[in-house]
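The values are calculated or read from the model by the stated rules, or taken from the named source; none is laboratory data. Keep in mind that what you see is a predicted model, and the values were worked out from it rather than measured. Using ideal geometry, Cβ is built from the backbone for each residue, glycine included, and neighbour counts are taken over all protein chains shown.
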Amino acid sequence: MDVIRLLSDSIANQIAAGEVVQRPASVVKELMENSIDAEATHIQLIIKESGKTLIQVIDDGKGMSTTDARMCFERHATSKIKESNDLFNIRTMGFRGEALASIAAVAQVELRTKRSEDELATSIKIEGSEFKGQEFIQAPQGTNLSIKNLFFNVPARRNFLKSNPVETKHILEEFQRIALAHPEVQFSMFHNEIEIYNLPSAKLSKRITDVLDKSYRDQLAQCQVDTPFIKINGYVGNPQTAKKSRGEQYFFVNKRFIKNNYLHHAVTGAFESTIPQGSHPFYTLFIEIDPSHIDINIHPTKTEIKFDDEKAIYAILRSTVKQAIGVYNLTPSIDFEADINIGNYASNHNPRPTQSPIRSSESSISSFEKEPRSLGEINQKDNRTNWDKLFDGFGTKKDFAEDEPQQVIFSSKINKIEEVVPLPKDGTDINAIQVHHQYIIAQVKSGLMLIDQQSAYERIFYEKYLKEINTQHGISQQLLFPKTVTLNSIDYALSFEIIDMIRNIGFNVEEFGQNTYLINGVPSQFMDEDEGVLFKSIIEQYKINENNQKVDKKEALAKTLAKRNATKMSKSLGKPEISSLINQLFETSMPSISPDGKQVMRILSLEKIATLLLN
Ligand code: ADP
Ligand code: MG
């Protein structure tokens, strides 16, 4: 007896759906990409219960005819390719004609669609591949697809879905990738009736800050290169934006999001010693390449890609990124008031894409910026070296006795303890003053350097705490009377995530049962605070940062403490303290930018001062 049978379409579709539709986020990706392919200018995503009960995508794209509206749910039904040659010249996001058929096999689907030339829209309902009805309705141009109760007919798969926060995170990732890849398109997103995103059509740099992180605003370096083989454009974050956690690294090849470790390495390699080992710089880079050079015939849910000449791309990418951040690392001082974007600076001021940083000797900017240097040199030592150079001509190392390193005593508000900060040998006699208990003005060769006192301390403390968290070298001051602090159960559970880091920076705490900690000692800088309040507020701030998934736990904690401690430093500083501040600042890895991305210092050039006074 023969036993082989052909599977019914609905079973075949359900099996295919297993590959295409893994979770709500896969549906989001497929629908949004279809809207992009339909040349929509406005795409709206509406989600309920993390996509488990509703995923709706509304676009103002081309729409479909009534026949196409029926056809689009057939397997291997696509308008995007016609013949096998087309496979080597794919410019659309989709081309397999599988997505809608797969989605319709495992959900309750309602499609409304209208082309501009049609009077009426077509509405079609399908549940588990089963056609449920069709009618003509009134609707605006475009396509409106609702996917309800995903996996309603495949309980096993429904049960495999993760918790709502996890599924929402996946959806957000897909949404963000598509929004980044298409800054010219307006996007909005609602989850359980709450607006999560409303992104106007914008330039890429604005889209990046809108989607990812407002603090990237002044921290993007533009990358651009145009070769006959590939075009690269996009932005990398300055080294300071590098985070311990991966996740904000975006490559798009012909606008398709991809992951590629080899190319990732090209980018991180370009950062060399400007970032600590194991941290990842932000980037959003678009590679445009003739589709014949890539093997696009990859699985729809996969993000790998194959190039025929990966090495060439590696080299071009690396040098482009080097170029971009090389310019970035020169402290910006071109336009004093203007809110310059370093990215623009890079492109406007360095027209030689293959050369490394500027060598102009005629430039009116500070000597800081005139120093040609290779990227390998940009590290802590380099900052100090340059700081040295800044003082060329009015007080160099040789003017000082080098044998006796000086020390500056910082006393805390209540003078309980003193913290001794060794002053670097060089630059003892920095010509600088403090004004308004807020700013430091230092004389530098090319003019005046203005330093924001608070941001400078934030940068210094931030690196100090980060280092202590990593090396467990925080120094604890014993309390005379240990103190207990009781947290609510949620905060107590949460505290386990950071208690070790807190200990590393000098908190001596023990678990005391019943959601309570016993505080025996605190870092010296915090002696003047109520320990209980301090401890609770660290947890509180940590919770806030934790919600922002982009922030690494250690960085979040270091930032919290640095801010807290820096606030205390907005006070009158003596001359040695000013010198120490400047020297410590220039020993940090990123003296010009605060941990929050604020500008710590600017140089007001003599020319600028002259023009200011003229007007
Ligand atoms: P693919 O995108 O690979 O072609 P899909 O199953 O995603 O396959 O879609 C099938 C077809 O339905 C598409 O080729 C397109 O012609 C049409 N289609 C799908 N979504 C839309 C949309 N939002 N607007 C206009 N046409 C669409
Ligand atoms: Mg598609």
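Residues considered: I505, I582. Of these, the only one that is crowded, with 17+ Cβ neighbours inside 10 Å, more than 19 Å from Q454 (Cβ to Cβ), among the aliphatic types (A, V, I, L, M) and within 31 Å of the chain's Cα centre (by Cα) is I505. Does at least one position in region 40-60 carry a residue that is touching a helix residue (DSSP H, G or I) at 6+ places or on another chain (Cβ under 8 Å) and surrounded by fewer than 17 Cβ atoms within 10 Å (Cβ to Cβ)? Taking every residue of region 40-60 in turn, at least one turns out to be touching a helix residue (DSSP H, G or I) at 6+ places or on another chain (Cβ under 8 Å) and surrounded by fewer than 17 Cβ atoms within 10 Å (Cβ to Cβ).
In region 46-72, the residue that is nearest to S146 (Cα to Cα) out of those that are within 13 Å of ligand 1 (Cβ to nearest atom) and among the charged types (D, E, K, R) is D59. Condition (residue is at pLDDT below 95 and within 16 Å of ligand 2 (Cβ to nearest atom)) applied to region 39-49: is it met by at least one residue? Among the residues of region 39-49, not one is at pLDDT below 95 and within 16 Å of ligand 2 (Cβ to nearest atom), which makes the answer no. In summary, helices (runs of 4 or more DSSP H) completely within region 512-615 and bearing 2 or more residues that are among the β-branched types (V, I, T) and under 20 Å from G447 (Cβ atoms) occur at 575-587, 606-614.
Taken over region 284-324, the criterion of being under 29 Å from V27 (Cβ atoms), within 20 Å of the chain's Cα centre (by Cα) and modelled with pLDDT of 85 or more is satisfied by T284, L285, F286, I287.
Counting only residues that are touching a residue at least 24 places away in the same chain (Cβ under 8 Å) and out of contact with any His (no Cβ under 9 Å at 6 or more places or on another chain), how many does region 194-209 have? Please lay out each step first, then the result.
As a first pass, look at region 194-209 and keep what is touching a residue at least 24 places away in the same chain (Cβ under 8 Å): 196, 201, 204-205, 207-208.
From what's left, out of contact with any His (no Cβ under 9 Å at 6 or more places or on another chain): 196, 204-205, 208.
Within region 194-209, residues that are touching a residue at least 24 places away in the same chain (Cβ under 8 Å) and out of contact with any His (no Cβ under 9 Å at 6 or more places or on another chain) number 4.
For E135, the conditions (1) near ligand 1 (Cβ under 9 Å from one of its atoms); (2) without any contact (Cβ under 8 Å) to a residue 24 or more places away in the chain; (3) of a type in the set (D, E, K, R) are fulfilled apart from (1). Would you check if M93 is free of Cβ contacts under 8 Å to residues at least 12 places away in the same chain and within 16 Å of ligand 2 (Cβ to nearest atom)? The answer is no for M93. Evaluate the following for G513: is it exposed (fewer than 13 other Cβ atoms within 10 Å of the Cβ), over 30 Å from L613 (Cβ atoms) and not aromatic (F, W, Y)? In short, yes. Here is the figure for region 129-141: residues that are in contact with a strand residue (DSSP E or B) (Cβ under 9 Å, 6 or more places away or on another chain) and either at pLDDT below 95 or in a strand (DSSP E or B) (or both) total 7.
Of the listed requirements (1) within 14 Å of ligand 2 (Cβ to nearest atom); (2) assigned to a helix (DSSP H, G or I); (3) surrounded by fewer than 23 Cβ atoms within 10 Å (Cβ to Cβ); (4) aliphatic (A, V, I, L, M), L87 misses just one: (1). Would you be able to say whether some residue in region 221-242 is buried (at least 16 other Cβ atoms within 10 Å of the Cβ), part of a strand (DSSP E or B), out of contact with any helix residue (DSSP H, G or I) (no Cβ under 7 Å at 6 or more places or on another chain) and not assigned by TED's automatic domain parsing to the domain that holds S319? Taking every residue of region 221-242 in turn, none turns out to be buried (at least 16 other Cβ atoms within 10 Å of the Cβ), part of a strand (DSSP E or B), out of contact with any helix residue (DSSP H, G or I) (no Cβ under 7 Å at 6 or more places or on another chain) and not assigned by TED's automatic domain parsing to the domain that holds S319.
At pLDDT 80 or above, of a type in the set (D, E), closer than 30 Å to E607 by Cα and surrounded by 15 or more Cβ atoms within 10 Å (Cβ to Cβ), is that true of D426?
No: the conditions fail for D426.
All conditions in (1) surrounded by fewer than 21 Cβ atoms within 10 Å (Cβ to Cβ); (2) of a type outside the set (S, T, N, Q); (3) not in a strand (DSSP E or B) hold for A270, with the sole exception of (1).
All of (1) under 30 Å from F252 (Cβ atoms); (2) at pLDDT 95 or above; (3) within 16 Å of ligand 1 (Cβ to nearest atom) hold for G94 with one exception: (2). Within 16 Å of ligand 2 (Cβ to nearest atom), closer than 30 Å to S292 by Cβ and among the aromatic types (F, W, Y): is that true of F73 in this structure? Against the criterion (within 16 Å of ligand 2 (Cβ to nearest atom), closer than 30 Å to S292 by Cβ and among the aromatic types (F, W, Y)), F73 does not qualify.
Residues that are without any contact (Cβ under 8 Å) to a residue 40 or more places away in the chain and either crowded, with 21+ Cβ neighbours inside 10 Å or hydrophobic (A, V, I, L, M, F, W, C) (or both) were ranked within region 430-463; the one that is nearest to S572 (Cα to Cα) is V435. Residues in region 160-198 that are hydroxyl-bearing (S, T, Y) and under 26 Å from G18 (Cβ atoms) were compared, and the one that is surrounded by the most Cβ atoms within 10 Å (Cβ to Cβ) is T168. Taken together, the residues in region 97-111 that are surrounded by fewer than 23 Cβ atoms within 10 Å (Cβ to Cβ), more than 33 Å from the chain's Cα centre (by Cα) and either in a loop (DSSP other than H, G, I, E, B) or within 11 Å of ligand 1 (Cβ to nearest atom) (or both) amount to 1.
Of the residues S35, S79, only one is under 30 Å from H293 (Cβ atoms), within 16 Å of ligand 2 (Cβ to nearest atom), among the hydroxyl-bearing types (S, T, Y) and touching a residue at least 24 places away in the same chain (Cβ under 8 Å); which?
S35
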